[in-house]
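The values are calculated or read from the model by the stated rules, or taken from the named source; none is laboratory data. What you see is a predicted model; the values in this text were computed from it and never measured. Methodologically, a virtual Cβ is constructed for each residue, glycine included, from the backbone with ideal geometry; neighbour enumeration extends over all protein chains shown.
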Amino acid sequence: MEINLILNGKKIKAQIRPDELLLDFVRAQGCWSVKRGCETANCGLCTVWLDGKPVLSCSTLAARADGRTVTTLEGVAAEAEAFGSYLAEEGAEQCGFCSPGLIMNVLAMERELSNPSEEEIKEYLAGNLCRCTGYMGQLRAIRNYLNRKGGETNGENR
Amino acid sequence: MFSAREYVKVNSLEEAWELNQKRANVIAGGMMWLKMGNGQKGTIIDLSGLGLDQIEESEEEFSVGCMCTLRQIELDPGLEREFGGVFRESVRHIVGVQFRNGATVGGSVYGRYGFSDVLTCLLALDTYVELYKGGRIPLGEFARMPYTRDVVVKIIVKKDKRQAAYASQRNTKTDFPVIACAVSRKADSWRIAVGARPEKAEYICLDGTGKTAEELAREAAACFSYGSNLRGSAEYRAHLAEVYIRRLAKELGKEA
Ligand SMILES: Cc1cc2nc3c(=O)[nH]c(=O)nc-3n(C[C@H](O)[C@H](O)[C@H](O)COP(=O)(O)OP(=O)(O)OC[C@H]3O[C@@H](n4cnc5c(N)ncnc54)[C@H](O)[C@@H]3O)c2cc1C
Ligand code: FES
Ligand code: FES
C-alpha cells in the first residue's frame, strides 16, 4: 500500500506492507537513530514524534503515519546535539543505546511542560529505560539543560 | 508482531463491523497489546478516520470516542474537573507518556484485561459502553460478557455528581498493578471497584450509613475474590484492597 507523509520536514511517498511497523519504516528511510529495544512497548528506545507527540514506533503501524508528520532524532539534530552535550558533561551515557529515545522524549517534554518539577520529569520519562546509568546523571543533565537559560525547574504545570 | 494481508482505513462503522465479522480480521486500536501477538491475520481494520478520537461533554455525560488515547483522558480538563483527577491517577502509571499517546480507550475497554487500571477506574463511575450493533450497555455487564465481534464505538460516563478517587500499587514503576482500587461516592452511597486481583475488575455498591471508613473498607474488600501470581499472593492482595479502599474512602471524606 502507498502512504504519504512528512518525515523530518520532507514530503515522502512510499510503498509499505500493511503490517509494517513505523520503526522498520523510518529505519528503511535511513533514520538509523531509531532503535529496536524491547519491542514490547516497555523501553522507549524507539520513540519518534507523530504530529509532534512522542509515540513508540515499535508499536505503531507505518500505515497510521499516512497524511501525518513523523519526526526522528535526525529531524531535530541541532537540539539533540545541544542536549547531548549536557548528557556528556554529566557522564550520563555509557553504551548510549537508549539516548536517541530519551532525547526525543526530553525534547517533547520541553515542548509540553513549562518548568517541570523533578517528579514531573520522572513521570514524563518513566517509559525511557536505561540499563547502564542508574538515571541520576540523566536527571542532572535534564535539569541543567532545562535551566540553561537561567531559572529553576520547579513545577508550575499543575 | 503478527503479519497481515491488508489494511483498511474504514469510511463507516458499518464497514468496520462487516470486515470484523471475519475471524481472521482484526480492529486495531493503539496496537500496543495486539502487536505482541503472532500469526497471520487477514485485514487490519483502522477506525482512525471516523472522528472517534474526541471527548465530548454534554449536560448529562462525557462521551469518549474509542480512539481517544489514554493520554487524552489523563489530560482532559472536563474529566479532571468533574471527577477530581481520578482518570489521571488511574493511567499515569501505565508505562510512559509515549505509550499512553498510543494506547486507546476502546482497545483497553474491549480487552477487559485483568490488570486493567482503565477498567477499574471506569467501573467505579456510572459508565456505559456503546457498541455498534449491541447499543448502549452498562460497563459492568460488558465486562462480564464473552468476547464478541461488535465494535466498541464510545464510552459514556455519566455526570451524576459522584466524587471518585483511585489508587494502585506496583512492585516496580511501570509494571502491571498488584492491586487497583477505585472508589466513588454519592452522598453515603458507595461504589467500589477492585481490579488486578489478578482477575479483571468487578464492582460492588454499598450503603455507608452508620459505617466508619474502616468498616466500609473491611466489608467491601471481603466482597471480592483474590488470586495469587508472581506479583503477589491472594492474602496480600486482600490485605492491600482493604487498606486502599479505606484510604480512598477517607480521601472522599468518610469519617474514620
Ligand atoms: C507493556 C504493556 C504494559 C501495560 N501496562 C498496563 C497497565 O499497567 N495498566 C493498564 O491498565 N493497562 C496496561 N496495558 C494495557 C494497555 O493500557 C491497553 O489497554 C492495551 O494496550 C490495549 O489498548 P490498545 O489501544 O493498544 O489496543 P489494541 O492492542 O490495538 O487492541 C486490543 C484489543 O482490542 C480490540 N479493539 C481495539 N479497539 C477496538 C474497538 N474500538 N472495538 C472493538 N475491539 C477493539 C483489538 O482488536 C484487540 O483485540 C499494558 C500494555 C502493554 C503492552
Ligand atoms: S522498542 Fe519500542 S518500547 Fe522498546
Ligand atoms: S546508556 Fe546504556 S542503556 Fe542507557
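Before moving on, here are some points about what is shown:
- Long-range neighbours under 7 Å by Cβ, at least six apart or interchain, first residue at negative phi within the stretch B:136-152, second of a type in the set (Asp, Glu) and modelled with pLDDT of 95 or more: B:Arg136/B:Glu130
- Residue tally, condition away from every other protein chain (no Cβ under 14 Å) and either of a type in the set (S, T, N, Q) or surrounded by 14 or more Cβ atoms within 10 Å (Cβ to Cβ) (or both), over the stretch B:1-23: 8
- Across the stretch B:163-180, the qualifying residues are those that are part of a strand (DSSP E or B) and among the β-branched types (Val, Ile, Thr), and the one among them that is farthest from the chain's Cα centre (by Cα) is B:Val178.
- Residue within the stretch B:112-125 that is among the charged types (D, E, K, R), under 22 Å from B:Asn20 (Cα atoms) and within 14 Å of chain A (Cβ to nearest Cβ) present: no
- Some residue of the stretch B:162-184 being free of Cβ contacts under 8 Å to residues at least 40 places away in the same chain and in contact with a strand residue (DSSP E or B) (Cβ under 7 Å, 6 or more places away or on another chain): no
- Lone qualifier among B:Gly30, B:Gly96 - being surrounded by 23 or more Cβ atoms within 10 Å (Cβ to Cβ), within 16 Å of ligand 3 (Cβ to nearest atom) and not hydroxyl-bearing (Ser, Thr, Tyr): B:Gly96
- Of everything in the stretch A:115-132 that is more than 16 Å from ligand 2 (Cβ to nearest atom) and within 18 Å of the chain's Cα centre (by Cα), the residue that is nearest to B:Asp175 (Cα to Cα) is A:Glu123.
- Answer residue from the stretch B:181-217, given it is part of a strand (DSSP E or B) and among the acidic types (Asp, Glu) and is farthest from the other protein chains (Cβ to nearest Cβ) among those: B:Asp207
- The helices (runs of 4 or more DSSP H) falling completely within the stretch B:6-103 that include 1 or more residues that are at pLDDT 95 or above, closer than 30 Å to B:Asp160 by Cα and within 9 Å of ligand 1 (Cβ to nearest atom) map to B:70-75, B:86-91, B:97-100.
Matching residues to (1) crowded, with 24+ Cβ neighbours inside 10 Å; (2) more than 14 Å from ligand 1 (Cβ to nearest atom); (3) more than 8 Å from chain B (Cβ to nearest Cβ):
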site	(1), (2), (3)
A:Gly9	no, yes, yes
A:Gln15	no, yes, yes
A:Pro18	no, yes, no
A:Val26	yes, yes, yes
A:Ser33	no, yes, yes
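Residues checked against (1) surrounded by fewer than 22 Cβ atoms within 10 Å (Cβ to Cβ); (2) not hydroxyl-bearing (Ser, Thr, Tyr):
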residue	(1), (2)
B:Asp76	yes, yes
B:Gly111	yes, yes
B:Leu125	no, yes
B:Tyr132	yes, no
B:Glu141	yes, yes
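- Test: residue in the stretch A:27-41 that is in a helix (DSSP H, G or I), without any contact (Cβ under 8 Å) to a residue 60 or more places away in the chain and either in the same structural domain as A:Asn128 (by TED's automatic domain parsing) or not aromatic (Phe, Trp, Tyr) (or both): yes
- Scan of the stretch B:114-133 for residues that are under 13 Å from B:Glu61 (Cβ atoms) and acidic (Asp, Glu), ordered by number: B:Asp126, B:Glu130
- For B:Gly30, the requirement of being closer than 22 Å to A:Arg36 by Cβ and within 11 Å of chain A (Cβ to nearest Cβ) is met.
- Scanning the stretch A:42-70 for residues that are under 15 Å from A:Ile103 (Cα atoms) and either in the same structural domain as A:Ile142 (by TED's automatic domain parsing) or within 16 Å of ligand 3 (Cβ to nearest atom) (or both) turns up A:Cys43, A:Gly44, A:Leu45, A:Cys46, A:Thr47.
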